[in-house]
Structure formats: structure tokens, C-alpha cells
1. Quick check on the stretch 268-282. Is at least one of its residues of a type in the set (S, T, Y) and modelled with pLDDT under 95?
2. Give the residue that is surrounded by the fewest Cβ atoms within 10 Å (Cβ to Cβ), with candidates limited to residues of the stretch 171-205 that are farther than 30 Å from D135 by Cα and at pLDDT below 95.
3. Note down all Cβ pairs under 6 Å where the first residue falls in the stretch 117-144 and is at positive phi, the second is modelled with pLDDT of 95 or more and not hydrophobic (A, V, I, L, M, F, W, C), and they're at least six residues apart or on different chains.
4. Search the stretch 228-256 for residues that are in contact (Cβ under 8 Å) with a residue 60 or more places away in the chain and pair each with any residue that is exposed (fewer than 15 other Cβ atoms within 10 Å of the Cβ) and assigned to a helix (DSSP H, G or I) when their beta-carbon atoms are under 9 Å apart and the residues are at least 6 apart or on different chains.
5. Anything in the stretch 119-166 that is within 16 Å of the chain's Cα centre (by Cα), hydroxyl-bearing (S, T, Y) and at pLDDT below 95? List them, or say none.
6. Whether any residue in the stretch 80-97 is in the same structural domain as L187 (by TED's automatic domain parsing), closer than 21 Å to T132 by Cβ, touching a helix residue (DSSP H, G or I) at 6+ places or on another chain (Cβ under 7 Å) and in a loop (DSSP other than H, G, I, E, B) is what I want to check.
7. Identify, please: which residue in the stretch 40-52 is surrounded by 15 or more Cβ atoms within 10 Å (Cβ to Cβ) and without any contact (Cβ under 8 Å) to a residue 40 or more places away in the chain and is, among those, farthest from N87 (Cα to Cα)?
8. Residues that are modelled with pLDDT under 95, at least 3 per element: which helices (runs of 4 or more DSSP H) completely within the stretch 1-69 meet that?
Amino acid sequence: MEEIQNQFTNPNLSKIFDVNDLPSVTLEIQEADWNHLLFEFDNDPTVNTWVRGTFLFEGSKNLPNQRLENVSLRVRGNSSRARPEGNPGEPHKPGHSVWRQASFALNFGHTRFNPPPGQTFLGLSRLDLKFTREDPTRIRELYCFDLYQRAEVYTGPLMSLCKFYIKVIAESSGLQSPPAYFGLYKLKEFIEDDYLEDRKALFNDNVPGPYIPFLWKGDAPATLNNPHDVPNRDIYDLRTNTGQRATANAQLVRFITDLTTKEGNDLKNWAESIMDVPLLMKTYIINVVCGNMDDYWFNANNFNFYFNTHGKFFFIPNDFDTTLGTGWGLDAGRQNMYNWGSQYHPLIHKLLSIPEFRRFYIDAFMALVSGPFHANNSVPRIEGWHRLVKDYIWDETIHFGCHNADAGCVIGKQGSASQTAFEDSVAWWSASYNKNYRLLQRGANNFFEVSGNPLRFITDTI
């Protein structure tokens, strides 16, 4: 893991995203700006409304305290997108706030609020803050992103935990309440320019080739099987060099056409020429063993991909909320590893038809289940994280009550709807065939033992 991180350009990444550290992050926001955020959310929650704030990063064991002014911040997320205070139409209520957990996107250097020129957070221009939505263990997504580092898959974004606070500076009443504690949050590396720059050598862009590099975000139904979908920006969102959209579209159309039409040796030769197939198989088997069904193969959703300056394709995993037994559409630990998702999502399905590529996939599976994914290694890591966070999850004065109609969990006094301090179970909405999965309890329902059964590559059929 250290070998991969030592190849990142930014030496602070391993310190910011230290999974064994628990710093505090506070956003300070003027009342007028906060109310603007709330009311614009009411007008249209899908619109990205940026407001000004101050970012404080404190209490890290690795890094000095940081204070950054004139930071841009907004609410983020899709199904998890939430109004962070009160009910629609209500302004901030100093001393009587009903807080709701919401996720936030931060931009430290955007010029809209005149920050110091070139301002970054220890080399990062952007950062995501995600609340631990409907995960009774609080660590599912952290575990999965950490697994990429342990498996030395450099395309995996980095993630760590923090204690998160918001302080609204109330001008109208003059009341200066202490920062409101929003609970444990996840710090997530933002997949864009910084991400690419910090992996420049790993993506072989340190010696540039003749191609324009393009980073994409795929959202459902981003199947990579229909060239006619490429111009649809709701499906394929170009994130870099956006002024060259026509060139990017042409490259992606050619990629999808080749992927869907080539067979046999033509498919094999093409794939070997345009991608690092062992890396792709190593990347994707982590999706499968972690039971990620809100992904490319099953749901045509939540992934990025990158064409480097040499025209090579890289798959980038993105979202791991529905993992380790939490999920709806299939048995997360027993679904056939060779037919995890739809055959109409061809990237992995077709490549596994090539025996040599299937061998890469099996070898990556065996390395995981005998190494970092094995229950003997996974359970102690999770126990260590719970020792780290147990005093900051929940107490007698706060709870995070999640309801069907609320994306954000309400922060208030303890009540019947509160989450427990820790529960070794899946999300309440998980399908019946996933309900009994556990992470710490060993035996027939332990997710690592079930999904990591080394016989799966034999008993599952292609």
C-alpha cells in the first residue's frame, strides 16, 4: 500500500487520507450565505448552488491545523442529497435548529469568492464530505476504498474519516452557538484534475503522448454498449478538457463500437492494445467481492473512466455505499462472479470470454481472498476503526434518525428512530437474501467468509 502511495505526486495524500486518523473538520458559514443555500435548495435541489465558507481542519496526528477562507461549498449527492437544516421554506433558526446530515462538495481555490491565488488544502483544490448514510457499521465505504490501496490498485480514490461540524455565524440574532456536530463523515478524494495529476506517472502521462486526455463520469444508464448515448451528458459527463467534447465523443464512440463488435482474437488484441487488462481485472474483482451492485456491471452507474495521453483506457471505481451485504438486487456474497451484472454492460462480461483475461480475474480474486479480504485480516481492521470512532458516533444527546422520506438523517435528541452506536448489520432496506450478513460475527453469515470463499471461482460458472 505504501509503495503505491509513494508514487503519488502529492506527498500529503497519505496523511490527509490516513484511515487510522480522525481529525475534525468544521465549516463556518455566515447566516445570509447559509440561508441562501437552504432557499436555493428549496427552489431546485438538483442545482449546484455554491456559497462562501471557511474550512477548518484540526486535530490530525499527521498534519498541522489548517484554516482556509473564502472556500466554495455546496450540497452534493444524488439519492442522498439533503437539505442540511429544517424544513422547506424555513431559514436558519439560531438556538432551535433541526439539523440534517447532508453531503458537501468543497472547492478551495475557485475564484468566485476571491480566495488567495492558488489556494489549496495541502495540494488539493477540491474535496468531498460524505455522511455515512444508512450504514449501521459506519465503515463499509471506507473499507472498500482502503481495499484498493491494500491491493495496490492505484485507480482507487482515497478516503478517510473525520468528525464533522458546521457553525452558522448568526448575524440577525447575535447568538453565537458552538459548532453543530454532524457526526462521522468521510473525506473523499475528488476525481478530477488533482486526482489525475497525482497519478501522472502511474497513468504514463509523465511522458505525454499525442492524444488529448479525457476524464469521464458515467451515470445510469452508462452501459458502454450504445454509441448513440455518447452525446447525452446526463449519461456520459466529460470532466476534463470539456472544450474538446467533439473529439472526446469520437474517441468514446470508437471505443464502444470496438468493444461491442469485436470477438475472439480481434477482441483480445484490441483490449491488450488499449487498456491494462490485468489492472482492469484487479480493479473490478474488488467491486464483485465487496458486493457492489450500484456499479457499472450491475447498474451501469457510479464510475469514472479515463483516456490518457496515449489513448489508453482506465476504469475508475467511484461509489461503495451499497456493499458488504447492503444491497437490493442480488445476493451480494453469492452472485456468480463471472455473471455479476448484465451481459448488456459488456466491458467486463465480454473480456471474461477470453481465457487469458479470465485467468487475470481469477488470480486477482485469489490474491484478495487469501490476503486483505480474508476475514482474519478484515475483521481486525474493522474492530480497529470502531475503537477509533466509538466515542464520536452517538451519545445520549444526539442521534441520526433516518426516515424513508428523508435523504438526510435528522440530528436531535435520542428517540426511537435513532441509530445505535454500532450495529453489525446491513442497511434496513436490504433485500431479504442479504439481511443476515454480518462483518464481525464469524460463521455462515460472515460476509468475508461467504464472498471470499476461494471455491467460488470453481463453483461459479461462466
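1. Step one: filter the stretch 268-282 for residues of a type in the set (S, T, Y), giving 273.
So of that shortlist, the ones also modelled with pLDDT under 95 come out as none.
Scanning the stretch 268-282 turns up no residue that is of a type in the set (S, T, Y) and modelled with pLDDT under 95.
2. Among those residues, the one meeting the criterion is G174.
3. If the second residue must be modelled with pLDDT of 95 or more and not hydrophobic (A, V, I, L, M, F, W, C), the pairs left are L122/N12; G123/N10; G123/N12.
4. Matching pairs, first to second residue: R239/D193.
5. The answer is T132, and nothing else.
6. Yes, some residue in the stretch 80-97 is in the same structural domain as L187 (by TED's automatic domain parsing), closer than 21 Å to T132 by Cβ, touching a helix residue (DSSP H, G or I) at 6+ places or on another chain (Cβ under 7 Å) and in a loop (DSSP other than H, G, I, E, B).
7. Filtering the stretch 40-52 for residues surrounded by 15 or more Cβ atoms within 10 Å (Cβ to Cβ) gives 40-41, 45, 49-52.
Adding the requirement that they be without any contact (Cβ under 8 Å) to a residue 40 or more places away in the chain leaves 40, 45, 49, 51.
Working: E40: 13, P45: 13, T49: 18, V51: 19 Å.
Residue satisfying both the conditions and the ranking: V51.
8. Numbers: elements: 2-5, 13-16, 31-43.
By residue number, 2-5.
The values are calculated or read from the model by the stated rules, or taken from the named source; none is laboratory data. The structure displayed is predicted, hence computed values, not measured ones. Cβ sites come from the backbone with ideal geometry, for glycine too, and all protein chains shown count toward neighbours.
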